[in-house]
Amino acid sequence: MMAYVHASYDLHPFVCEEENMGDGAVSFKSDNINAFFCSDEFLRNDYHKIKNDVDIFVGWTEVNKSFKQDSIKDVRKFLSKDTKFLIFDDIGEYSFEFDRNEIYKFVDDNPKNYLITQRYTHIEPHERILNNQAYLPFFYYYFDINDLLYYHPPLPDFDYQRLKDYKYDYLCYLGKDANIENGKPWRGRFVDRIDFKDKKLWKPSTFHGLSEKHKIFRKYVERTFNTRFADYGQYMLTSTFESLEVKVKLVFESFQILDEEIDVGYDSFDEDQQFLTEKTLKCFLYTQPYILILNKISYDLLKEFGFRFPFPSYHDGLIDFINELNEGDNLEKWIETSAEDFKHNKKQIYKLLSDNTLPFVKFFEKMF
């Protein structure tokens, strides 16, 4: 069997061993599978040479853009009628143009169409749809970030014995779009509702207000690699240093909070478009205390996959919970009693990343 797997961005200029394959593709072989990872350029220029030999085509969330098409529906015409088409929606930050009824119809109309997705909480059940796999972006970001580990110094385990030595009680990134009305201004509105009392909150402006030592480090990454890796969120290495100076991180995800009052741009369509990113992953990879500001949908899904949270979801009273932590020495007591949960989550994320019994693995196996 030959399976074709699409890469979400252009590969380095690999040359396949097989004749007439063209540049921009690389193959991996096992006893049962011959898998090709191919670039966008290969898709547009050379895919037609192999399309009749492809049993399974795996495309990322916006694979239509790789073919320079307006919709995922249009990708089907580039494939053989006998090829199984699996949309593998594992990357945060990207979104479908489909609502749940449209994506359901797309799969249901063709017995060769399949969907594995982190999203679509409320979609109607279907034997060729696997939804609510909220952990999928962790795989993408973990391996993407690990490609640059030589740039990313690992954080030591949090030192619970020296709580009084940390410079700040909280760290919170509002993001580069926090002050843009069509960006994420709800983050500022969330923080404004918290009474920090005598606790010290640090809101570093990582994108615009780097310290001198961070500017030097950023320039090094830019010169030795590229600007994207110096500035893009998942590779924002200065946050590694900044985290060492605080007790607790308040971490916003990229998606909407799903609250009409605090998130002015909220739309019910957004409930099916939730996703996680490197922001959550980076919390799990270390044992530093954190409070993830998650809507109830994402919060509950992560708990189903074994993560433990010593704090509620936003919709279950998170702001009141944080305000209570700021009374007296409650914050220090909470940090000490919650240590095992943070250590558990670090173990759980590494367990998850190597778990071949996860639902998406079993779903994929059934396609062969």
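Any idea which residue in segment 306-319 is surrounded by the fewest Cβ atoms within 10 Å (Cβ to Cβ), counting only those that are at pLDDT below 95 and closer than 21 Å to residue 120 by Cβ?
The extreme case among them is 315.
Quick one: which residue in 297, 335, 291 is touching a residue at least 12 places away in the same chain (Cβ under 8 Å) and more than 30 Å from residue 123 (Cα to Cα)?
335
Looking at 242, 261, 271, can you tell me which residue is part of a loop (DSSP other than H, G, I, E, B) and modelled with pLDDT under 85?
Only one candidate passes the filter, namely 261.
Looking at segment 137-171 only, could you name the residues that are at pLDDT 90 or above, buried (at least 19 other Cβ atoms within 10 Å of the Cβ) and either touching a helix residue (DSSP H, G or I) at 6+ places or on another chain (Cβ under 8 Å) or not assigned by TED's automatic domain parsing to the domain that holds residue 317 (or both)?
137, 138, 169, 171, listed by residue number.
Please tell me if residue 295 is more than 24 Å from residue 245 (Cβ to Cβ) and in the same structural domain as residue 168 (by TED's automatic domain parsing).
So residue 295 fits the description; yes.
Can you tell which of 281, 302, 292, 276 is farther than 18 Å from residue 163 by Cα and either in a loop (DSSP other than H, G, I, E, B) or over 21 Å from the mean Cα position of the chain (by Cα) (or both)?
276 is the lone residue from the list that is farther than 18 Å from residue 163 by Cα and either in a loop (DSSP other than H, G, I, E, B) or over 21 Å from the mean Cα position of the chain (by Cα) (or both).
Say we look at segment 310-332 and pick out the residues that are among the small types (Gly, Ala, Ser) and either part of a helix (DSSP H, G or I) or without any contact (Cβ under 8 Å) to a residue 12 or more places away in the chain (or both); which of these is nearest to residue 253 (Cα to Cα)?
Here the answer is 317.
Quick one: residue 368 ticks every box in (1) at pLDDT below 95; (2) under 18 Å from residue 142 (Cβ atoms); (3) of a type in the set (A, V, I, L, M, F, W, C) except a single one, so which number is it?
Here residue 368 clears every test but (2).
Only one of 57, 78, 42, 67 is hydrophobic (A, V, I, L, M, F, W, C), assigned by TED's automatic domain parsing to the domain that holds residue 114 and farther than 21 Å from residue 107 by Cα. Can you tell me which?
Exactly one of 57, 78, 42, 67 is hydrophobic (A, V, I, L, M, F, W, C), assigned by TED's automatic domain parsing to the domain that holds residue 114 and farther than 21 Å from residue 107 by Cα, namely 42.
The values are calculated or read from the model by the stated rules, or taken from the named source; none is laboratory data. What you are looking at is a predicted structure, and each value in this text was computed from that prediction instead of being measured. Ideal geometry is used to build each Cβ from the backbone, glycine not excepted, and the neighbour counts take in all protein chains shown.
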